[in-house]
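A short write-up of the structure that comes next.
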Amino acid sequence: MQDYYQKNYKTYHEKTFSIDPSSFLEPLVQWLPVEAFVLDVGCSSGRDLLWMKKRGFDVIGFERSPGLAELARKNAGCEVIEGDFETYDFSRLSVDAILFVGALVHLPYERFKTVFQNICNCLRKQGKIFISMKEGNGYFKDNHGRIFYLWQNDDLRRIFHELGYKVIDFNRQVSIVRDSDLWLGYVLSTQ
C-alpha cells in the first residue's frame, strides 16, 4: 500500500482531478477570511489547491508521493512540501485553514488522534479545518492492497471534542468515484 500513490500517480490523477470539489469545500470557504492561508494535507495532484487558489486563497500543499506532488505544483502553481504527515513537524508552519480531503483514510484508528493533532499544530487561532472520512465500521482492503479505515459520526465527533474542536458544519455525501462509499465531511473550529 505504501507505494500505491507513487506507482499509480498518473492513473490516480486521471481518476480524481476532474471531480468538482465545490460540494464539500464550499461549507469551509464561508468561514474563511479573504486571502486566508490554506494547507492541503494529502493534496494529491492539486485539484483542491487549484480550486481554493481560484477563489483567492493563498495555498500550500503537503503530499507524500513525489509524482503527485510534482503534478500538484504544475496544476496549482504553488509550493508543495513532500513528506510523511506522520513524522513531519507541522509546528514550523502557520495557516488559517487545513484541508484533509480523504487524506487520513489509510491511518489506523490508534494513530488517528495523535497524527491529526500533530498536523493541527500549524493552525492559527480562530483557524478552521475541513476533514472528510469514509463512513462505516471496521476497515477493508481494496484490490490494490490499500487499507481504508471506516468511521462513525459519533466516534469522530468525540475525538474532535476531546482535542478542543467544535463541529460547525457537517454533511454526509455519496462518493462521486464509487457510489457504495459514503463520506462524512466536517468543518471544525477551535472551541
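Calculated from the structure, Cα extents along the principal axes in Å equals which of (1) 53, 40, 27; (2) 53, 30, 27; (3) 41, 38, 31?
Only one listed value fits the structure, namely (3).
Find the lysine pairs in the stretch 87-191 meeting two conditions, Cα atoms under 22 Å apart and a separation of 8 or more places or different chains, and report how many there are.
Working: LYS113/LYS125; LYS113/LYS128; LYS113/LYS134; LYS113/LYS141; LYS113/LYS166; LYS125/LYS166; LYS128/LYS166; LYS134/LYS166.
Step by step, the pairs that qualify in the stretch 87-191 add up to 8.
Ignoring ligands, DNA and RNA, what percent of the accessible area of the stretch 34-91 is carbon or sulfur (1.4 Å)? If you can, show how the numbers build up before the last one.
Details: 1130 of 2370 Å².
Reported share for carbon and sulfur atoms: 48 percent.
Given an 8 Å cut-off on Cα distances and at least 6 residues of separation, report the relative contact order of the stretch 59-189 as a percent.
Values: 212 pairs, mean separation 26.3, N = 131.
The normalised contact order for the stretch 59-189 reaches 20 percent.
Give, rounded to the nearest 20 debye, the magnitude of the charge dipole that the stretch 81-191 has about its Cα centre when Lys and Arg contribute +1 at Cβ and Asp and Glu contribute -1 at Cβ.
Numbers: 14 positive and 14 negative charges, 52 e Å.
Dipole size: approximately 260 debye.
In the chain, what % of DSSP beta bridges are antiparallel (nearest 5)? Don't jump to the answer; show the numbers that get you there.
Details: 19 of 37 bridges.
DSSP beta bridges in the chain are roughly 50 percent antiparallel.
Rounded, prolate or oblate: pick one for the stretch 85-147, where a ≥ b ≥ c are the square roots of the eigenvalues of its C-alpha gyration tensor, a/c under 1.5 means rounded, and failing that, prolate if a/b is larger than b/c, else oblate. Numbers along the way, then the final one.
Working: a/c = 2.57, a/b = 1.99, b/c = 1.29.
Prolate is the answer for the stretch 85-147, as a/c is 1.5 or above and a/b outweighs b/c.
Which of the peptides 75-81, 165-171 is most tightly packed, and how do the rest follow, judged by the mean count of other Cβ atoms within 10 Å per residue? List each step's numbers first, then the result.
Numbers: 75-81: 18.6, 165-171: 15.6.
Going by the mean number of other Cβ atoms within 10 Å, highest first, we get 75-81, 165-171.
The values are calculated or read from the model by the stated rules, or taken from the named source; none is laboratory data. The shown structure was predicted, so the numbers you read here are calculated from the model rather than taken from an experiment. When we count neighbours, we look across all protein chains shown, and the Cβ atoms used for this are built from the backbone with ideal geometry, even at glycine. Remember, those area values only see protein heavy atoms, side chains included, never the ligands or the DNA or RNA. Shrake-Rupley method; radii C 1.70, N 1.55, O 1.52, S 1.80 Å.
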